[in-house]
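Every number in this text was worked out from the coordinates using simple rules, so none of it is lab data. Predicted model only: the values in this text are computed from it and were never measured. With ideal geometry, Cβ positions are generated from the backbone for all residues, glycine too; neighbour counts draw on all protein chains shown.
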Amino acid sequence: MTIFEKIIKGEIPCKKVLENDEFLAFYDINPKAPIHILAIPKTNVKDFNEANATLLGKISDFIKEVAKEVGINKSGYRIISNIGKDGGQEVPHLHFHILGGAKLKWENLE
Ligand code: AMP
C-alpha cells in the first residue's frame with residue numbers, strides 16, 4: 001500500500017485542504033513553494049499514464065477548487081504531475097503538485 005493510500009484511509013495524518021467523495025488535497029510534507037499542495041484521487045491509479053479522461057477532467061475541476069480555497073486562483077500557480085523514473089515520481093499513486101504563493105522560477109528543473 002502506498003503512503004497516499006494510507007493517508008486516504010486515515011492511517012497516516014495529513015494537513016487537509018479539501019476533500020470530496022473522489023479526491024483529497026493536502027499540504028506536501030516537504031514544500032517546494034510557499035504553498036505546495038497535493039491533489040490525489042481516492043481510487044488507486046498509479047500515474048498520469050493510467051488515468052482516463054473522465055478522471056483527469058474531474059481532478060482538473062477539483063484542482064481549480066483547491067486553488068480557490070487557498071486563494072491562489074487569481075495570483076497564479078503551477079500544476080506538476082511527475083510520471084515514472086525519469087519524471088522523478090516517488091509515490092506510485094497519481095498526484096498533482098499544486099504550487100504557488102510566490103512568483104515561481106522556471107529554471108533548474110533537472
Ligand atoms: P513525487 O516525487 O511526485 O512522487 O511526489 C511525492 C510527494 O509526496 C513529495 O513532494 C513528498 O514530499 C510528498 N509526501 C511524501 N509523504 C508525504 C506525507 N506523509 N504527507 C504529505 N506529503 C508527502
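Structural remarks
- Computed over every Cα-Cα pair of the stretch 60-99 and binned at 5 Å starting from 0, the pair-distance distribution P(r) comes out as 6, 22, 28, 17, 14, 11, 2 percent.
- Computed magnitude of the charge dipole of the chain (debye, nearest 20; Cβ of K, R +1, Cβ of D, E -1): 340 debye
- Relative contact order computed over the stretch 3-109 (Cα-Cα under 8 Å; 6+ residues apart), in percent: 31 percent
- Listed residues 74, 16, 32, most fluctuating in the chain (Gaussian network, C-alpha, under 10 Å): 74
- Centre separation in Å (Cα based) which lies between the stretch 1-43 and the stretch 53-94: 11 Å
- Sorting the segments 86-93, 64-71, 47-54 by their mean number of nearby beta carbons within 10 angstrom, highest to lowest, gives 64-71, 86-93, 47-54.
- Rounded to the nearest 500, the helix-only mean residue ellipticity at 222 nm of the chain stands at -7500 deg cm²/dmol, with each DSSP H run of n ≥ 4 adding -39,500 (n - 2.57).
- Shape summary of the chain, radius of gyration then Dmax from alpha carbon positions: 13.3, 37 Å.
- Straight-line cross-link partners of residue 68 among the lysines, defined as a Cα under 16 Å from its Cα and at least 8 positions apart when in the same chain: 16, 58.
- In this structure, the residue pairs whose Cα-Cα separation is over 27 Å, taken from 9/103; 46/74; 15/64; 6/64, are 9/103; 46/74.
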